[in-house]
Amino acid sequence: AGVHTETLQKYPEEHSKYFSIGATIFFTGLFAALAAGYALFFVFSGSPFAYIYALLFGIIWGLAIFNMDRYIVLSIDKSRGGFKQFLQALPRIILAVIIGIVISRPLELKIFDKEINDHLRVEYLKKQQATIDTLNSTFQHKYQVEYTQLQATKTQADSLESTLKNDRQKLNHEIFGTKTNETSGVMGYGPFAKRKEESLAKQEVYLDTLRARIQQKEVQLLARKKKEGLMDVKILSEASLDSVISIAGFADRNAALSNLHKNPDGTTNESTANAILFIACLFILFECLPVFVKLMSGKDPYDIAIIN
């Protein structure tokens, strides 16, 4: 707690209070070191020295927070009134809120690791699908003439196929003697039926020609897709997704955590949002505890001895 040891030894009844203040400061620095190390591990994820960098930065950050907390607690002058003490500690409280948010974020990332991975899985699949759709749209725009011709040929083939189906039904009515507005009603294979069948045969030959054109055009477009690399872009497999998620950076995971409370239908998951807020508030409170403990404690014999 940064007390003057020789002076405090004269007042054994105050040992427990300053031990508690010192322990609070120590654990605040410890949590800060863990959070900073975990955050930096993501920054250097994939590097063989990631653990070393995380360890060094975590220790440095933890010691910095520890020293700052210790100094601020020591700087509160208990000889002043309560309001003046609060004003003196106010900058430290504001800073504690900021630090609490900073050190809670990496630990929130770890706590919600599974949920973040599931969210990233969905987001990466959406991005991959959007990339594929964009490439296909660009390809279709580039070869718009060919696609227009292909669509027109398909429409013509579908129309002809429907016409052939109707004409084939009329031919059967003519052969079997079914009387309609377009058939004679006389059973048998007469001249009308013969002409109708010859016309159908010609139309079927033309339909085969259209189908051959469609197939040829589709083969040409497919070959161009392969040549331009569009066929190499595929939806990520489960194994590929797991690999990508495992190396996801701090920015992606932080963005996923920020959107974790949003359901796919646009509604808000209140339980997740409250859990994230509660954890942040918990660390903010923990970071402010050394100052609050010092402010709430009355002027004790040790303070009087130090002032005098």
Answer with a single label: of [x] 227; [y] 160; [z] 126, which was calculated as volume of the Cα convex hull per residue in Å³ from the structure in view?
[x]
If every Lys and Arg gets +1 and every Asp and Glu gets -1 at its Cβ, then about the Cα centre region 254-308 yields a dipole, in debye to the nearest 20, of 80
In whole percent, and with a 1.4 Å probe on the protein chains, what portion of the accessible area of the chain is carbon and sulfur?
62
Once you have the Cα-Cα distance between A255 and D118, take 0.36 nm times their residue separation minus that, and quote the gain in nm to one decimal.
48.0 nm
On a C-alpha basis, how far is the centre of region 69-137 from the centre of region 269-308 in Å? Whole number, if you could?
17
Place a +1 charge on the Cβ of each Lys and Arg in the chain and a -1 charge on the Cβ of each Asp and Glu, then give the dipole magnitude about the Cα centre in debye, rounded to the nearest 20.
760
Around Y71: net Lys/Arg minus Asp/Glu count, Cβ-Cβ under 13 Å
+2
With a Förster distance of 41 angstrom and the Cβ-Cβ distance between L55 and A305, calculated FRET efficiency to the nearest 0.05 equals 0.50
What is the sum of charges, Lys and Arg at +1 and Asp and Glu at -1, for the other residues whose Cβ falls under 14 Å from the Cβ of R253?
-2
Going by a ≥ b ≥ c, the root eigenvalues of the Cα gyration tensor, does region 38-129 fall in the rounded group (a/c under 1.5), the prolate group (a/b larger than b/c) or the oblate group?
oblate
Rank P290, I306, N166 by how far each Cα sits towards the positive end of the charge dipole of the chain (+1 on Lys, Arg Cβ; -1 on Asp, Glu Cβ) and give me just the farthest.
N166
Mind listing the long-range amide H neighbours of K262? Cut-off is under 5 Å, sequence gap 5 or more, other chains count too, H placed in the peptide plane at 1.01 Å from N.
N269
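The values are calculated or read from the model by the stated rules, or taken from the named source; none is laboratory data. On a predicted model such as this, the values are computed, not experimentally measured, just so you know. A quick note on method: Cβ atoms are made from the backbone with ideal geometry, for glycine too, and the neighbour counts reach across all protein chains shown. Note: accessible area is taken over every heavy atom of the protein model, side chains too, but ligands, DNA and RNA are not part of it. Shrake-Rupley method; radii C 1.70, N 1.55, O 1.52, S 1.80 Å.
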